[in-house]
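First the structure, in the form of structure tokens, and then the observations on it.
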């Protein structure tokens, strides 16, 4: 007879002293872990609920401006520094870690229309309603000196926007035309026009640095190459585009914030159909900014909310609003991709978390592992109706909520009418036009 | 100044070059094998080298990863050379890795951890979704390989009992086993002589550390049976029908003559649940925190012990219920009835999920193994049958016992114990997943009284038997899973660990509605509602957004884009599509015709009357 009984030595399963960690032997045999899927599902459900519980994105409000904030700019070198221009011509420089204003300049008479930093971070440019372009030192004047711009350029017309080249000492302004300036000269290197309308914003491409995009009030978006004296091509949309933003990771992709409540992501190479139409706002979209990863962007709207969209999704994944926040005029995604700033009509700059339920500060390795695991679970079960409903739910202010309902009805009516038109006309005579193509009026080269 | 020669630079490189490039640097463990191989045949290594170069460094698709990761045969430690066949890779320093490449894993072990159903093909879908599915599959496979590799770290081996050439293990009695095994194991065999309080029911806690038993005449006790430390002992002054631990050893449910009572580990009555009356059998579903009770009145009641609410009370409509067991794989309750059927119940359904006709007479006992594949039943017709529970519910084997078994129990490793009168028989199968073969018993044991309750202790090679003479703890080598998982049920857990586990377990309490026959159904694609959704969308939109738009020829170079050529190209594609359609319809047609024609036979004049 040969016999062996299962006989464990308790010493190899129990810790030796109280100071040790407990021993936890593992066996991954599936029969020892029954109900794997239902338990994971419950964990995913709990994780989704906790995510909604911890979703407290609002961090701080920076107050101090005496008029609505009209423009924001990031510092290229320092994460803690932010510049903002207000409607009364005042420019403030903020420290985000202290959440305080560290410097204040009365830059212009009337609005500050645009503000941008030089790529080295030592100075910044502003344009205002007083037809001037001014260059300022970032540090402010030394003791006893008076606050004065480094350079001032007097123009003939009002400038409405400014952007600096990402690598060279060149900047572009817009107004009646797009002007490209050398920093050393007081007259533009070249001026480009296409049509006669006022141009509201101009943006340099961060990857292909010679490319520019601008949008004008005659509903078009025009692309330029700085090396040529003439514009490249333009696309005309249904309604006016307020501003555009280039994707920092994909050189040929840009997103346009439109007056018709939508955002359009275009591929520069094929402008006749937008890659994606992003719908969710219920009023004109005023500003848009990409995250440094190029996967999401944030948009500011006249409907008193900001929304975060994934680039490849047509619906927003997040909406931020507060009771006191009025029409949001400008928005920026910080360079560490963790925060979002927005400047609004009621003179405040607000700081938000980009990921609403993220825990700030240093995480322990166990916390990190737990969040990673929960993230994976949420991803795995994201399509289950119960989990989907919880993760999608957002509280909205009544005004936005009712407007969404109203617009849903309107859209449905329009769709029904179109269907009826197709149904009651000769087959093939009325074509169904996709939502994407509907908005593009023409592409001109 | 003397310098200590480094261990790596013992053989000067010059000498190495002279001897030939192919010579490998020697390791202490390959003293004999490698030099002979290198000297005897200078040719083969070169060949091997070429082979190595041909091999892609990183396998591209899933098939090749599978080939490289999983060896076809279970790994044999005897052949170190075979394992190195992919060829040792030479690093910059010239040193060779004797175990190059990923460590091989035996196929069977990987199969155990594999959650993919290879028989199901990936659905036809968009390329984007398809590629995502494929990536997920590859990942899943990698995970199962990793898990299989971690099998190496398991510390304990299962027990066994073998007779010496031709000796029948069934004839080995407990005393012999006790004599042969070590002291710690021998101490696990004991008898409690409790003749006074009549036949006993017993229950082990989920960790296998605690034992609770209740006698017919009201004696209830719970103890740490390993250390023999008594936790509580009371007399409830009422008949005890069944006893069961709840999720931990701190709570004890006792089915008494009238009502269900819950005691804590000191014997203090916490609850008396009057909505569950005349209970005959208890089952606890640990992951759902449900206490299932079967009553004399014919009701199967589910009590959620975490919130104290009755989740469902189902009328089985089959008279008195006194045979009940749970399927540990899917938490379905199985009831045995007097008409010979076994019915499967879930709290989400008012009707049974399935009914299996098992015996000609009434069903006396039911047991389900830990993988949920086999069910053993015994009936009044003295039959003992084993059923396959994976869909078909067919009997796999049957055997007539002289007396018929009144109690059945499966162990963690698939041993089946049956109590017939005052004898306990145990049958063993080939392995964990195979059904026990009923021909020859593995062990038998005669007790001092009639069997009234049976349970294998989890994670110990012990079978607890409650009988009219008390409690007997039998030694059954090879019954239990040797390696427990510390996070699931740890027999050595401390109080803090138990508390932590309790909180975690409560947080992931599975809702009662999710109990169904296939617990993995939740992770599969819900095709029915998907199709329903598609249909609704089609109705709402008035067109199908997924249909391919008609072919539009792309404009080509100058001169080639004339209207005529455009039309020609368009026609080409249209014709091709048309041909495909015709081909498909042709393929389907002959099958129809074959069916329609009568087999053989010439046409008859009477055919015209055939309808």
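Checking each residue in the range A:143-168 for being without any contact (Cβ under 8 Å) to a residue 24 or more places away in the chain and assigned to a loop (DSSP other than H, G, I, E, B) picks out A:143, A:144, A:145, A:146, A:148. On the basis of being within 13 Å of chain B (Cβ to nearest Cβ) and either surrounded by fewer than 19 Cβ atoms within 10 Å (Cβ to Cβ) or in a loop (DSSP other than H, G, I, E, B) (or both), does residue A:76 make the cut? Criteria not met by residue A:76. For the range A:225-248, a tally of residues being modelled with pLDDT of 95 or more and closer than 22 Å to residue A:119 by Cβ returns 6.
May I ask you to verify whether residue B:311 is touching a residue at least 12 places away in the same chain (Cβ under 8 Å), over 25 Å from residue B:373 (Cα atoms) and in contact with a helix residue (DSSP H, G or I) (Cβ under 6 Å, 6 or more places away or on another chain)? Spelling it out, residue B:311 is indeed touching a residue at least 12 places away in the same chain (Cβ under 8 Å), over 25 Å from residue B:373 (Cα atoms) and in contact with a helix residue (DSSP H, G or I) (Cβ under 6 Å, 6 or more places away or on another chain).
The set of residues in the range B:388-423 that are closer than 18 Å to residue B:343 by Cβ, buried (at least 17 other Cβ atoms within 10 Å of the Cβ) and modelled with pLDDT under 95 contains only B:389. Picking from residues in the range A:54-73 that are over 19 Å from residue A:334 (Cα atoms) and over 21 Å from the mean Cα position of the chain (by Cα), the one that is farthest from the other protein chains (Cβ to nearest Cβ) is A:66.
With respect to the stated conditions, residue B:248 fails to be within 14 Å of another protein chain (Cβ to nearest Cβ) and either within 29 Å of the chain's Cα centre (by Cα) or closer than 18 Å to residue B:511 by Cβ (or both). Looking across the range A:408-425 at every residue that is outside any loop (DSSP other than H, G, I, E, B) and either modelled with pLDDT of 95 or more or exposed (fewer than 11 other Cβ atoms within 10 Å of the Cβ) (or both), the one that is nearest to the other protein chains (Cβ to nearest Cβ) is identified as A:423. Residue A:396 satisfies every condition listed in (1) in contact with a strand residue (DSSP E or B) (Cβ under 9 Å, 6 or more places away or on another chain); (2) in a helix (DSSP H, G or I) except (2).
Residue count for the range B:152-210 under the criterion of being in a loop (DSSP other than H, G, I, E, B), within 7 Å of chain A (Cβ to nearest Cβ) and either at positive phi or free of Cβ contacts under 8 Å to residues at least 40 places away in the same chain (or both): the result is 4.
Do we find that residue B:240 is under 28 Å from residue B:379 (Cα atoms), within 14 Å of another protein chain (Cβ to nearest Cβ), buried (at least 21 other Cβ atoms within 10 Å of the Cβ) and in contact with a strand residue (DSSP E or B) (Cβ under 7 Å, 6 or more places away or on another chain) in this structure? So residue B:240 fails the test. Could you please give the count of residues in the range B:285-299 that are more than 14 Å from every other protein chain (Cβ to nearest Cβ) and either without any contact (Cβ under 8 Å) to a residue 24 or more places away in the chain or assigned to a strand (DSSP E or B) (or both)? Final tally of qualifying residues: 8. Scanning the range B:304-322 for residues that are within 14 Å of chain A (Cβ to nearest Cβ) and surrounded by 21 or more Cβ atoms within 10 Å (Cβ to Cβ) gives no hits.
Listed here are the residues, each with its yes/no results for (1) at pLDDT below 95; (2) at the interface with chain B (Cβ under 7 Å from one of its Cβ atoms); (3) outside any helix (DSSP H, G or I).
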| position | (1), (2), (3) |
| --- | --- |
| A:25 | yes, yes, yes |
| A:47 | no, no, no |
| A:52 | no, no, no |
| A:93 | no, no, yes |
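Residues that are more than 7 Å from chain A (Cβ to nearest Cβ), surrounded by 14 or more Cβ atoms within 10 Å (Cβ to Cβ) and closer than 26 Å to residue A:19 by Cβ within the range B:490-521 comprise B:490, B:491, B:493, B:498, B:500, B:501, listed in sequence order. Restricting attention to the range B:108-126, the residues that are away from chain A (no Cβ under 14 Å) and surrounded by 16 or more Cβ atoms within 10 Å (Cβ to Cβ) add up to 0. Only one of the numbered conditions (1) surrounded by 14 or more Cβ atoms within 10 Å (Cβ to Cβ); (2) more than 14 Å from chain A (Cβ to nearest Cβ); (3) touching a residue at least 24 places away in the same chain (Cβ under 8 Å) is not met by residue B:143, and that is (2). Looking only at residues in the range B:432-488 that are in a strand (DSSP E or B) and within 14 Å of chain A (Cβ to nearest Cβ), which one is surrounded by the fewest Cβ atoms within 10 Å (Cβ to Cβ)? Of everything passing the filter in the range B:432-488, B:473 is surrounded by the fewest Cβ atoms within 10 Å (Cβ to Cβ). Within the range B:567-611, the set of residues being surrounded by 10 or more Cβ atoms within 10 Å (Cβ to Cβ) and modelled with pLDDT under 85 comprises B:589, B:604, B:607. Residues that are out of contact with any helix residue (DSSP H, G or I) (no Cβ under 7 Å at 6 or more places or on another chain) and part of a loop (DSSP other than H, G, I, E, B) within the range A:338-358 comprise A:338, A:345, A:346, A:347, A:354, A:355, A:356, A:358, listed in sequence order. Only residues that are at pLDDT 90 or above, facing chain B (nearest Cβ under 7 Å) and more than 58 Å from the chain's Cα centre (by Cα) were counted across the range A:1-21, and they come to 8.
For the range B:525-532, check the following and say yes or no: at least one residue is within 14 Å of chain A (Cβ to nearest Cβ), closer than 27 Å to residue A:433 by Cα and under 42 Å from the mean Cα position of the chain (by Cα). Scanning the range B:525-532, I find at least one residue that is within 14 Å of chain A (Cβ to nearest Cβ), closer than 27 Å to residue A:433 by Cα and under 42 Å from the mean Cα position of the chain (by Cα), so the answer is yes.
For the range B:323-334, taking the residues that are within 22 Å of the chain's Cα centre (by Cα) and part of a strand (DSSP E or B), the one that is nearest to the other protein chains (Cβ to nearest Cβ) is identified as B:326. Residues that are within 30 Å of residue A:420 (Cα to Cα) and more than 14 Å from every other protein chain (Cβ to nearest Cβ) were ranked within the range B:549-569; the one that is nearest to the chain's Cα centre (by Cα) is B:551.
Each row is one residue, and each column tells you yes or no for (1) surrounded by fewer than 17 Cβ atoms within 10 Å (Cβ to Cβ); (2) within 16 Å of residue A:198 (Cα to Cα).
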residue: A:106; (1), (2): yes, no
residue: A:113; (1), (2): no, yes
residue: A:127; (1), (2): no, yes
residue: A:135; (1), (2): yes, no
residue: A:138; (1), (2): no, no
residue: A:148; (1), (2): yes, no
residue: A:161; (1), (2): no, yes
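On the given criteria, is residue A:8 within 24 Å of residue A:376 (Cβ to Cβ) and part of a loop (DSSP other than H, G, I, E, B)? No, not satisfied.
The values are calculated or read from the model by the stated rules, or taken from the named source; none is laboratory data. Here the structure is a predicted model, which means the values were calculated and not measured. When we count neighbours, we look across all protein chains shown, and the Cβ atoms used for this are built from the backbone with ideal geometry, even at glycine.
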